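All of the numbers you see were taken from the coordinates with simple rules; none came from a lab. Remember, it's a predicted structure, so these values are computed and weren't measured experimentally. Cβ atoms come from the backbone with ideal geometry, glycine included; neighbour counts cover every protein chain shown.
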Amino acid sequence: MVDPELLKILVCPHCKGDLTLKDDRLHSTCGLIYRIEDDIPIMLIDEAELPEGISSIDDLDSGK
């Protein structure tokens, strides 16, 4: 589990938006989902899960 104090200061590295903890993963306002390993958020854009229907970060940025 991510420390609640850490969660307060973390933002999405892609959109700089807030993150919400759901299902043991961090969900960004832009739709990216970051996994947590050994209580450490993996905040790498290249390793984030894309939202359903989005095949690349470029698609996310263009609103497709």
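Averaging the sequence gap over all C-alpha pairs within less than 8 Å and six or more residues apart, then dividing by the number of residues, gives the range 4-53 a relative contact order of 25 percent.
What is the ratio of the Cα radius of gyration of the chain to 2.2 N^0.38 Å, with N the residue count, to two decimals? It would help to have the intermediate numbers written out before the result.
Details: Rg = 11.5 Å, N = 64, 2.2 N^0.38 = 10.7 Å.
Normalised Rg, Cα atoms only: 1.07.
Full extension of the chain segment joining Leu21 with Glu37 gains 4.4 nm, where the gain is 0.36 nm per residue of separation less the Cα-Cα distance.
Need the full-extension length gain, Asp59 to Asp46, defined as separation in residues times 0.36 nm minus the C-alpha distance. One decimal, nm.
Values: separation 13, 0.36 × 13 = 4.68 nm, distance 1.38 nm.
3.3 nm is the gain from fully extending Asp59 to Asp46.
Between the DSSP loop rule and a limit of at most 16 other Cβ atoms within 10 Å, which trypsin sites (Lys or Arg not before Pro) in the range 1-58 are left? Qualifying residues, ordered by number: Lys16.
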